[in-house]
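In what follows, a structure is listed as structure tokens, so that the remarks can point back to it.
The values are calculated or read from the model by the stated rules, or taken from the named source; none is laboratory data. Remember, it's a predicted structure, so these values are computed and weren't measured experimentally. Reconstructed Cβ throughout: ideal geometry from the backbone, glycine too, with neighbour counts over all protein chains shown. In case anyone asks, the SASA skips ligands and DNA or RNA and just uses the protein heavy atoms, side chains included. Shrake-Rupley method; radii C 1.70, N 1.55, O 1.52, S 1.80 Å.
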Amino acid sequence: VQLQASGGGLVQAGGSLRLSCAASGRAFSSYTVGWFRQAPGKEREFVAVITRSTGNTYYQDSVKGRFTISRDNAKNTVYLQMNSLRPEDTAVYSCAAGTPITMYVRSPSAYGYWGQGTQVTVSS
């Protein structure tokens, strides 16, 4: 499966963005899809994930209540709605697809397919 992330940009603190992760290939619905981000000088970190079968969602604590992950399997797309953005949300955001078991959904190494990143910059 090939993934392409889009929707990043420059926004003021308190603003919103919606990222999209479009997939090509078969059986997109059979993949768990996660969003990860990496700020300059920092390690890649988990942001949010939506599982393949039940559609369960999990979030990093710092984005709970502000970010919402969703998927539209008919469109082979996963979305990340980001509200109340903060300067510390500034990073390159990437989507990934895989079949990790629940305990590993937050681990980047559990995903075999990655899209290119999209830059999100939040100004104060």
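Just the protein heavy atoms count here, and of the accessible area of the chain at 1.4 Å, carbon and sulfur take up 46 percent. So what does the Cα-only Debye profile of the range 46-97 read at q = 0.25, 0.27 Å⁻¹, as log10 I(q)/I(0), no solvent term? Taken in order of the listed q values, log10 I(q)/I(0) reads -1.08, -1.22. With viscosity 1.306 mPa s and temperature 10 °C, the Kirkwood radius over alpha carbon pairs of the chain converts through Stokes-Einstein to a diffusion coefficient of 112 µm²/s. Return the FRET efficiency for the residue pair S62, S24: r is the Cβ-Cβ distance, R0 is 30 Å, and the value is rounded to the nearest 0.05. In this case the efficiency is close to 0.45. The relative contact order of the chain comes to 36 percent, based on Cα pairs under 8 Å that sit 6 or more residues apart. Sequence-ordered 3J(HN,Hα) estimates for the range 103-115 from the Karplus curve with 6.51, -1.76 and 1.60 and θ = phi - 60° stand at 5, 10, 5, 8, 9, x, 5, 7, 10, x, 10, 10, x Hz, glycine and proline given as x.
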